[in-house]
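Undergrad: Here it is, the structure, as structure tokens.
The values are calculated or read from the model by the stated rules, or taken from the named source; none is laboratory data. On a predicted model such as this, the values are computed, not experimentally measured, just so you know. Just so you know, the surface numbers come from the protein's heavy atoms only, side chains and all, with ligands and any DNA or RNA stripped out. Shrake-Rupley method; radii C 1.70, N 1.55, O 1.52, S 1.80 Å.
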Amino acid sequence: MNIPYVTIAATGAKMPAIGVGTFGSDHVSSFDMAQSVKLALKLGYRNIDCARVYGNEKEIGEVLKASAIPREELWITSKLWNDMHGKKNVGLSVRATLKDLQLDYLDLFLVHWPFPNYHPPKCDVTSRNPNARPYIHEEYMETWHAMEELVGQGLVRHIGTSNMTKAKLGLLLDSCTIRPVANEMELHPCFQQPELLGYVKKEGIIPIGFSPLGSPNRPERDTTETDVVDMEHPVVVAIAKAHNCHPASICLKWAHAVGIVPIPQSTKERNLRSNLQSILSDPLTEEEVTMLKKADCNNRLIKGQVFLWEEAKDWTELWDEDGIIRAPEHYRN
């Protein structure tokens, strides 16, 4: 199966242009998620997106160990969770991940969120960490420099970011020694983030799109009454009828057409197979890609309320929507 690749300019490495996500939300067991990875590899996927906080890397590691696929053909990503920011923790975290995944190195290691705020598993939307902090650039750079050291040590081949904003990325690019090769961000037809997406691509950073189908199985804490369902949007539905396919396929075709590496998650063989085929055949026309711009309604689904600090007004302060990073001075002391 000839899966298209995205080439990383700095190293020449090739990232498969579609991956499979392993965030089981609050309803998929670690065993079932590992079986999904096993099935995905059998179907032809080679890009597996993991994270320490998902709680299933050990089970996925057993699948990777048992696989006959050569390591160099796989692209394995993992992420540094929020409670492991800081110089002394980064190495501990990646080594724990490598041990669980039974790997000698990661292809990509991301800083999961740009602030060291974490929440207990399966918490509700009102949960708050009393020690939560806003983005402090000096603290983030301490973590980033520790990430850079992992590359020199051969533990990871590439490093990147996740859930970043244009303002935060700009600071990072001005301060780093090793540039991020990718930024994982929420991207789907009803939330296209054109300004940030354009900036990321202009800087040569690969956009990896999570929730590419509109995350219908996201945790309850990430649902609000104003959310829009991508796969029910009239433009998406109309184009799906023209292609005689499910609206989910149109979401993935859109991502591929605009240069996004989508990482949809499913445990069903039918869906895993369909997701993969979506980017391998019957691409959207330029006219259809233009039509899909009408679906964008700035509908952020993963708002991040559980990461808010005490003085924060609401979740919009996490995303620097006016281009300003708000960090009260007392947090810097």
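Undergrad: What is the distance in Å between the Cα centres of region 86-122 and region 259-333?
TA: 21
Undergrad: Is the shape of region 45-160 best called rounded, prolate or oblate, per the rule: a/c under 1.5 gives rounded, else a/b larger than b/c gives prolate, else oblate, with a ≥ b ≥ c the square roots of the Cα gyration tensor eigenvalues? Intermediate values should be presented prior to the final figure.
TA: Numbers: a/c = 2.53, a/b = 1.45, b/c = 1.75.
Taking the square roots of the gyration eigenvalues as a ≥ b ≥ c, region 45-160 is oblate.
Undergrad: Counting only protein heavy atoms, what percent of the accessible surface of region 215-333 is carbon or sulfur at a 1.4 Å probe? Working shown, then result.
TA: Values: 3080 of 6400 Å².
Answer for region 215-333 is 48 percent, counting heavy atoms of protein chains only.
Undergrad: Can you give the calculated 222 nm mean residue ellipticity of the chain, where each DSSP H run of n ≥ 4 adds -39,500 (n - 2.57) and the sum is split over every residue, rounded to the nearest 500 deg cm²/dmol?
TA: Numbers: 10 runs with 114 residues, N = 333.
Dividing the helical sum by the residues of the chain leaves -10500 deg cm²/dmol.
Undergrad: Return the subset of Lys166/Lys294; Lys38/Lys166; Lys38/Lys253; Lys241/Lys268 for which the Cα-Cα distance in this structure is over 31 Å, preserving the input order.
TA: Details: Lys166/Lys294 23 Å; Lys38/Lys166 36 Å; Lys38/Lys253 24 Å; Lys241/Lys268 23 Å.
Going by Cα-Cα distance, Lys38/Lys166 fall outside the 31 Å limit.
Undergrad: Follow-up. Which lysines have a Cα lying under 23 Å from the Cα of Lys168, excluding residues fewer than 8 positions away in the same chain?
TA: Cross-link targets: Lys79, Lys87, Lys88, Lys201, Lys202, Lys303, Lys313.
Undergrad: Sticking with this one: So which residue, out of Ala248, Ala96, Ala182, gets the largest mean-square fluctuation from a GNM of the chain using Cα contacts under 10 Å as springs?
TA: Ala96
Undergrad: Hey, what's the chain come to in accessible area per residue, 1.4 Å probe, Å²? Spell out each step's value before the answer.
TA: Numbers: 15060 Å² over 333 residues.
Each residue of the chain exposes 45 Å² on average to a 1.4 Å probe.
Undergrad: Between rounded, prolate and oblate, where does region 116-251 land on the alpha carbon gyration tensor, with a ≥ b ≥ c its root eigenvalues, rounded for a/c under 1.5, else prolate if a/b exceeds b/c? Kindly include the intermediate steps, with their values, before the conclusion.
TA: Details: a/c = 2.38, a/b = 1.48, b/c = 1.60.
Taking the square roots of the gyration eigenvalues as a ≥ b ≥ c, region 116-251 is oblate.
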